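Only one structure is covered here, and it is reproduced in the block below.
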Amino acid sequence: MTSSLSATTLALALGTALSLAALPTTAQAANDMEKCFGVALKGQNDCAAGAGTSCAGSSKTDYQADAWKLVPTGTCVKTASPTSPTGFGQTEAFTAKS
């Protein structure tokens with residue numbers, strides 16, 4: 001019984017240590033990302049896609065102007081968006097061109 005308890009305790013301690021070690025990497029990865037409006041495909045936005053949508057995966061159309069996707073910092077304005085006035089993703093919601 002004691003060796004079983006010790007093995008369980010060791011496994012939990014190791015799991016906790018590995019989880020804590022991954023936190024700084026996850027936080028750093030989030031810092032290297034930015035919101036990019038107008039580049040998400042239908043149902044593939046990350047969150048807050050404006051009126052009529054609630055959160056992740058709720059965009060109604062491809063390249064929706066008020067739906068955003070997290071992309072690596074610096075790549076948004078280089079990503080194609082057929083609804084954007086510039087033809088590329090935007091760092092803020094925009095009015096789609098007609």
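Below are the figures for this structure:
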{"item": "Restricting region 23-72 to residues that are in a loop (DSSP other than H, G, I, E, B), surrounded by 14 or more Cβ atoms within 10 Å (Cβ to Cβ) and of a type in the set (A, V, I, L, M, F, W, C), the residue that is modelled with the lowest pLDDT", "result": "ALA49"}
{"item": "Close pairs (6 angstrom Cβ cut-off, 6 or more residues apart or separate chains): charged (D, E, K, R) in region 16-45, modelled with pLDDT under 90 anywhere", "result": "LYS42/SER59"}
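The values are calculated or read from the model by the stated rules, or taken from the named source; none is laboratory data. None of these values were measured; they are calculated from a predicted model. Don't worry about glycine lacking a Cβ; one is built from the backbone with ideal geometry, like all the others, and counts go over all protein chains shown.
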